[in-house]
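For reference, the structure is listed below as structure tokens.
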């Protein structure tokens, strides 16, 4: 959004095109609005004039209908004719008062005023004639009838006169409107022609301004496609999108040249690395051969597991229960160690493996170790990586209490707290310093004793660094394992296993 605003503030090509088209649209709109407005005004005036002609004709028709009903009643004295007479009399008065004449022509206003007065006099005479006829006053109704006939003739003449006057005025207005329309058309043609010529000039100018730098850019790009990366900078003086594109192209060309130089340097380094790799391949081949000989000398783990099972069965048959229990626990521990480390197990499986391991230690060291177990059944189903707890217990024995003269103590606690399965493995051994604990947690330094090279009691060769790494990978979290220790105060390793994560595997 910010780049768009900066581009808009610059003299961009987009802004100029928008302004140009906006000007054209405004001019064309004005040209369309002006004739429309002018013609609307003139047509409104003509329409009002024609409406006045229609009203005058309706007034004349009502006058004829009134006169017809009036004369019929005087002849027949029929009540229907009398009703028609009164109805047309009312309509005639209403229509005469409803006609409005434009004040621009005072003669027409005066004529219409005379027509209204004559209609009023006419209605008075007809009413007097009707009243005299109903009273059988023959001389009176003949007098009023003759007066009404004269007035009606004047009314008809004035209506015709006003109609003729309005007709000639309409003709003049039509001529004026026609001339105005012709003038507007001529003006429109002139402006449209000017805009057309201006548009052609602007198109040619914009086309030249756009195509010239684009041609330079395409020429330089063609040189690059043919392998010539030493093309000169494309110079574009315009401060718009074309200029930005030219600057970007120049930067890209410079970056390509730098990249090619880096590639050439890398080619030299790769040649040297290939020579080193050939030497390493020879060394690896020798190592593989040595590993093959070492593997051939190893005892088959499954054969050893089966042998322990056979020994346990034999001890059971001979009644050596303690030896049988020892061999069974050793076989179970060995079988568990043969599992794939990449397959998860439950906390319960890990706890049982620790129990087997502690049984062997107690048998071996004549109950020199006190092992305390506390666990909550609700968390034993949670999934954790294989071989997590036994290496920690093993390190507690080897590095914590193996050299103690007094009886050592190892406690394992598994409980639920704050949405986590908290597993604590604590010993009362010699402990360690904070620096040592930090080294183990960070994985910077791993003691030789942690790999099982110094103590014969080490059975798996898996250290705390390995355990911590697998926990982080398994749960995709940090701070799963924590170490609390002080010299001479023992060591406690605490695991915080998220219950939600432990149920997803």
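Values in this text are rule-based calculations from the coordinates and carry no lab data. Treat the numbers as computed from the prediction; the structure is a model and nothing was measured. All Cβ positions, glycine included, derive from the backbone under ideal geometry; neighbour counts span all protein chains shown.
Based on other C-beta atoms within 10 Å, arrange 249, 50 from fewest to most.
With the fewest neighbours first, 249, 50 line up as 50, 249.
Ranked by Cβ crowding within 10 angstrom, fewest neighbours first, how are 71, 394 ordered?
Arranged by neighbour count, lowest to highest, 71, 394 become 71, 394.
Extension gain residue 245-residue 86, at 0.36 nm per residue separation less the Cα-Cα distance, in nm?
48.2 nm
For the pair residue 64 and residue 143, what calculated FRET efficiency results from E = 1/(1 + (r/R0)^6), where r is the Cβ-Cβ distance and R0 = 25 Å, to the nearest 0.05?
Computed FRET efficiency for residue 143 and residue 64 comes out at 0.65.
Obtain the nm distance between the two label points defined at residue 205 and residue 41 by a simple spin-label model: each point lies 7 Å from its Cα along the Cα-to-C-beta direction.
A separation of 3.5 nm, rounded to one decimal place.
Once the piece of chain linking residue 72 and residue 374 is laid out straight, how much longer is it, given 0.36 nm per residue of separation minus the C-alpha distance between them?
Here the answer is 95.8 nm.
What FRET efficiency, computed as 1/(1 + (r/R0)^6) with R0 = 56 Å and r the Cβ-Cβ distance, is obtained for residue 25 and residue 277, rounded to the nearest 0.05?
Here the calculated transfer efficiency is 0.20.
Which of 226, 90 has the fewest other C-beta atoms within 10 Å, and how do the rest follow up to the most?
226, 90
In terms of the Cα gyration tensor, with a ≥ b ≥ c the square roots of its eigenvalues, is region 118-181 rounded because a/c is under 1.5, prolate because a/b exceeds b/c, or oblate?
prolate
When a/c reaches 1.5 or more, the comparison of a/b and b/c decides; with that in mind, is region 89-131 rounded, prolate or oblate per its Cα gyration tensor?
oblate
For region 56-201, rounded, prolate or oblate, judged on the Cα gyration tensor with a ≥ b ≥ c (square roots of eigenvalues), a/c < 1.5 rounded, else prolate if a/b > b/c?
prolate
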